Structure formats: structure tokens, C-alpha cells
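> Can you read through this structure? Questions will come right after.
Where a number appears in this text, it was derived from the coordinates with a stated rule and is not lab data. Values in this document were obtained by computation on a predicted structure and should not be read as measured data. With ideal geometry, Cβ positions are generated from the backbone for all residues, glycine too; neighbour counts draw on all protein chains shown.
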Amino acid sequence: MENTFEVVKGMIAKKLEIDPATIQPESTLTDVGLDSLDTFDIIFDAEDKFGIKVPNDQVNVTTIQDVASLFDKLLAEKIASAK
Amino acid sequence: MANSHLRRVVITGIGIVSPLGNTPDEFFSNITQGKSGIGLIKADFVDSLDCKIAAQANFDGTQHFTKQQLALMDNVSQFALYSAQQAAIDANLALSDDDLNRTGCYIGTGMGGAKSTEDGYIRLYKENQSRLKPFTVLMAMNSAAGSQIAMHFQLCGPNLTFTTACSSSTIAIGEAYRQIQQGYCDVMFAGGTEALLTFGSIKAWEALRTLAKPDEVDPACSSKPFSKNRTGLVLGEGAAVFVLEELEYAKARGARIYAEITGYGTTNDGAHITQPSVEGQARAMQAALENANLAPEKIDYINAHGTGTLLNDATETAAIKKIFGEYAYKIPVSSTKSMHGHLMGATGAVELVAATLALTNNQLPPTINLAEPDPECDLDYVPNVSRKVDNIQHVMSNSFAFGGTSGVIILSKINDH
């Protein structure tokens, strides 16, 4: 499966209509031009894409890598609970 | 003027999205040619409707807004913001930071982001999905359209949304006029917007049994205000937004002035949720005349509420007679709803565009489809063909509503004072 960071990068680039190459793991959400509303929108799309549910108390993310790591963690939990 | 200490308010910019064009000139050209914007509804749900006609706006948001903007705006906000943008360009507005602190926005709407609300319910109740889209609230809320306008122009004055059903936008414009008149603001964006042509909204209107029966020969002719064979109203969608300014402020920057708002009256029938009242409508017209300090005989044209329902048109005719007496028979009164349909929360603003341009062009738009005289509706309704008139000075625009809130605005040529 594609690296989660790459998936998130693609989603953000598509939403903001920017060059994906400008998005680095350490870029903050603000750096790339995402406000809090945009972030909720990305999370909404990611929930569909990954089949996960992001709890409200876990949406404290600053960098793009934070977002990717959060999704990875929830994906891992989902796989673990399915076993 | 009656209240000489009050500031004078003028219209300097107009923008519109309507079933008959998305510029004021196109709209006025179409209504003075007696064209109809009513037709078979273009929507995937049309077969499930009993009433398959409406006056749809021909508007493509992707031509005017970015994908990012569109993601946050229901049609109701797109119509309003595009109208406001036109009005600002038309008024040649360039507001400084100080100006922006004294510029507000008053918008009327009946149902706000009806489609966004409905899309949410479809997801939940029909598709059994567990989550709604994150922006549902921001698109559906009634105040969204006014907020989008304020954000776009960075307006820092008062921003209020008025919901009084079919009179919403007349009330918004009238209250904006008072805001300038009383010195709280120098400039106001004011108007109304409505985008309720959704499956659920139309079904709700069907259930109320107020919608017109489609004309058997030509659906475009289904709205027949003041005609004996009228059967009800035809729903429409769109928006109109004006730039209003304090007179001296407008003059100082050399603005082109369309007209002065000289009178505004608002009252409530205090009676029935749907049945209109002669007394209530008459009180609103009287209040506007008193506010303008004009004798009834000074009014040269009335743009009627004229919905095409049996009750409204007879009631409005009686109310006009009550206020204007014998002179009622000498005033041209027309219902442009015969052409653009009933745009609900936007209708008063769209009709005020018609009234403004009638005044400046000395040309009265007709009431089309007026084929059968009704003894209860015996005024001069400018039947079927528009009329050129000599230098008219004062025009009145009426808006009445379910819930009983009436709004009446009087416009005057600026050289009259």
C-alpha cells in the first residue's frame, strides 16, 4: 500500500490545487495553507479513504507528518481489533 | 422631507441573479419585453413532482468562484455574493479601512441553504450514512450569504439576516436604509437571496396548495397575477443586492445615483399565518407614504406583490384602493412575478431592481398573462405590454408575506428634492 504521508500529501495538494512537491513531512498545516476547516475536510475524506474514524480528542495535529502518523496509528488499531 | 434631521439614502449599485438574466440590464430588458423565465424544472427529481414548473436561475457558480470558494457556498450564498460583487463594481466602490468600519450588509432569505440542509438529510435518512459533510452547517445556515459578502469585502459594520418569508429582502433593504438614515453606517450592501428549488422544498409548497397549475398550452405562462384564471404562484430562485449610500457620501465620491429611498414602511397583520389582510397591507403602504412625506397622488407606479394566488391579488387590490382611493384607478400597478416567478426571500429585492430601473428608464414593466379581467382586480395592471411614461418621480414596491410581515419601499428620482 502507498505510504500514508504520500496519500495525505496527494489529498491536500488536490484540495488546495497546489504542487505536491511543496508539501514536506515537517510542513505545518498552516504552512501549506490549510486552516482548521480545511483540516476537518481532509480528515473527513481520509476517514472514507482509510475506513477509520478519527475521534475528536485526537485531532491535535500540527505538521503533515502528524496527520499521517495519526492515520497510521488508527489504521494499526483497526487492523489489531479486526484480528 | 418629514424628518429633516435624518440623512438621505441613495442607491448607487445593483447586482442580480435571476431567472431572466444575471445583470440588471439583461433582467430589465427581458421584463420590459414581457419575457417569461418560467418553465419545466430541470432537475433529476422532476418526475416525482406534481408541480413541475418553476423559474430557475441560469447560473453556473464555476464561472465566478474558485473550487475552494464553492466548497463552502450553497447556491444561496453564490447567488448573493455574485450579486454583491456586481453591485460593488456597478457602484465603483473603493472602501478605505475607515469606510469598511461603517459599511454593513443586510440580507433577506426565507430558507437559507436549503439544498445543503436537504443533502444532509439525504445522506442520513436515505443513504443511511453515519456522518455529514464537515461544512454542512456553514453552508446551510441562514446567515451564510450575508457572512460570505462581509468576508469578501471585509465589511466590519453590522451584518444581519432577515427572515420574514416573502418580504425578507424588502425588510432587509428597508432596515439597511434606516441604518444609514440614522447615522450608524454610510454604506450598506442590502438585498435578498433564495435557492429553494430542492425536492423537499417544492414538495412542502405543493402541500400548501398555493402553487400555480401549469398552463396547459404554455408552461411559461403559468403565473397569471390579477387575471381571473390565476391559480397560484410559481416558485423562483435568485438574488439581488444593492449598494446603498448616504447621499453626501455618494456625491463626494462622484457616484452615479440611480434613485433615493424616500420611504419605508413595515407592519404586521397581527392576524393569520397565511391569509393576507387588507388593513395590514394598507397600513404598510400608509407607513411608507408617511415616511416619505408624500401624498398618495404623488406615486407614479406600484410594483405589486402580485403573487398570482386568488387571495393575495384581490387583497392587495383592495388595500391599494383603501390607501389611494379614486386615484388607485390612475396608478399603473404591475406584477413582474408574472415573468420571474416568486423568489420568496429574494423577491422583494429583485422587484426593487425592476422598480428602480422603471423609475430611471421611465418605462413600466407589464403584468403578463393577464387575459381574463377579474371584477375583484380592476386596476390598471399594465397588461401584457410594457409602457413608456413621461418623467415619473416616485415609485412604490410592495412585499407581503406568510406570517403577516409587510414591507413597502418608495423610491424617488434624486432631482426631485
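> Hey, what's the per residue convex hull volume over the C-alpha atoms of chain B, in cubic angstrom?
Enclosed volume per residue, from the Cα hull, is 129 Å³.
> Once you have a ≥ b ≥ c as the square roots of the Cα gyration tensor eigenvalues for the range B:264-416, tell me rounded if a/c is under 1.5, and otherwise prolate or oblate according to whether a/b is larger than b/c.
Rounded, because the longest to shortest axis ratio a/c is under 1.5.
> While we're on this one: Determine the calculated [θ] at 222 nm for the protein assembly as shown from helices alone, applying -39500 (n - 2.57) to every DSSP H run no shorter than 4 residues and normalising by the residue count; nearest 500 deg cm²/dmol.
Taking each H run of at least 4 residues, the total per residue is -11000 deg cm²/dmol.
> Still on this structure, please answer the following. Within the range B:12-49, find all residues whose amide N lies under 17 Å from a label point positioned 7 Å from the Cα of residue B:154 along Cα-to-beta-carbon.
none
> Note down the magnitude of the dipole of the protein assembly as shown about its Cα centre, charges +1 on Lys and Arg C-beta and -1 on Asp and Glu C-beta and zero elsewhere, to the nearest 20 debye.
The calculated dipole for the protein assembly as shown is roughly 620 debye.
> Pull out the extension gain between residue B:126 and residue B:213, defined as 0.36 nm times the separation in residues minus the alpha carbon to alpha carbon distance; nm, one decimal.
28.3 nm
> Additional query: So which helices of chain B fit the span-like rule, where a helix is a whole DSSP H run, its Cα atoms reach 18 Å or more along the axis, and its mean Kyte-Doolittle is at least 0.5? Display every interim value, and only then the final one.
Numbers: long enough: B:75-90 (22 Å, 0.13); B:168-181 (19 Å, -0.14); B:278-292 (21 Å, -0.23); B:310-324 (22 Å, 0.34); B:347-361 (21 Å, 1.17).
Sorted by number, the helices that extend far enough and score high enough are B:347-361.
> Over every pair of different alpha-carbon atoms in the range B:173-244, take the mean of 1/r and invert it; report that Kirkwood radius in Å.
Across the range B:173-244, the inverse of the average 1/r is 15.1 Å.
> What is the distance in Å between the Cα centres of the range A:1-76 and the range B:142-166?
Computed from Cα coordinates, the inter-centre distance equals 32 Å.
> Please get the size of the charge dipole for the range B:311-413, origin at its Cα centre, with Cβ charges of +1 on Lys and Arg and -1 on Asp and Glu, quoted in debye to the nearest 20.
The dipole magnitude comes to about 380 debye.
> Given the range B:157-211 reduced to its alpha-carbon atoms as identical point scatterers, what log10 I(q)/I(0) does the Debye formula return at q = 0.19, 0.27 Å⁻¹?
Debye output, listed in q order: -0.71, -1.06.
> Two decimals is fine: what is log10 I(q)/I(0) at q = 0.10 Å⁻¹ for the range B:9-252, from a Debye sum with one equal scatterer on every Cα and no solvent?
Result of the Debye calculation: -0.51.
> Hey, what did the range A:4-82 get for relative contact order, percent, Cα under 8 Å, at least 6 apart?
That works out to 39 percent.
> Gain in length, residue A:3 to residue A:30, computed as 0.36 nm per residue apart minus the alpha-carbon separation, to one decimal in nm?
Using 0.36 nm per residue and subtracting the Cα-Cα distance, I get 7.5 nm.
> Between residue B:49 and residue B:384, what is the label-to-label distance in nm when each label sits 7 Å out along the Cα-to-Cβ direction?
The answer from the label model is 2.8 nm.
> Out of B:385, B:217, B:243, any idea which swings most in a Gaussian network model of chain B, alpha carbons joined below 10 Å?
Looking only at B:385, B:217, B:243, the biggest GNM fluctuation is shown by B:217.
> Report Rg(Cα)/(2.2 N^0.38 Å) for the range A:4-82, keeping two decimals.
1.03
> Considering the convex hull of the alpha carbon atoms of the protein assembly as shown, report its projected area averaged over all viewing directions, in nm², one decimal. Mind showing how you got there, number by number?
On the way: hull surface 104.5 nm².
Taking a quarter of the hull surface, the average projection is 26.1 nm².
> For the protein assembly as shown, with the dipole built from +1 on Lys and Arg beta-carbon atoms and -1 on Asp and Glu ones, taken about the Cα centre, which of B:142, B:171, B:104 lies farthest toward the positive end?
The residue sitting farthest along the positive end of the dipole is B:171.
> Answer with one residue from B:277, B:217, B:234: the one whose Cα lies farthest towards the positive end of the charge dipole of chain B, charges on Cβ with Lys, Arg +1 and Asp, Glu -1.
B:234
> Now, a different point. Between rounded, prolate and oblate, where does the range B:1-151 land on the alpha carbon gyration tensor, with a ≥ b ≥ c its root eigenvalues, rounded for a/c under 1.5, else prolate if a/b exceeds b/c?
It comes out oblate by the Cα gyration axes.
> Magnitude of the Cβ-charge dipole of the range B:9-252, K/R +1 and D/E -1, about the Cα centre, nearest 20 debye?
So the magnitude is around 740 debye.
> Using a/c under 1.5 as the rounded threshold, could you call the range B:336-403 rounded, prolate or oblate? The axes a ≥ b ≥ c are square roots of the C-alpha gyration tensor eigenvalues, and prolate needs a/b larger than b/c, oblate otherwise.
Oblate shape, in that a/c is at least 1.5 and b/c is the bigger or equal ratio.
> Moving to a separate point now. What do you get for the angle between helix A:36-50 and the principal long axis of chain A? Use alpha-carbon atoms, 0 to 90 degrees, nearest ten.
40
> Express the relative contact order of chain B as a whole percentage, based on alpha carbon pairs under 8 Å and six or more residues apart in sequence.
Working: 1111 pairs, mean separation 98.0, N = 417.
That works out to 24 percent.
> Grab the Cα-Cα distance for residue B:98 and residue B:391, subtract it from 0.36 nm times how many residues apart they are, and report the gain in nm with one decimal.
Length difference between fully extended and current span is 101.7 nm.
> Next up: If you take the charge dipole of the protein assembly as shown about its Cα centre, with +1 on Lys and Arg Cβ and -1 on Asp and Glu Cβ, which of B:382, B:31, A:61 is farthest toward its positive end?
Final value for the positive-end residue is B:382.
> Can you check what the net charge comes to around residue B:11, using other residues whose Cβ is under 11 Å from the Cβ of residue B:11 (Lys, Arg +1; Asp, Glu -1)?
-2
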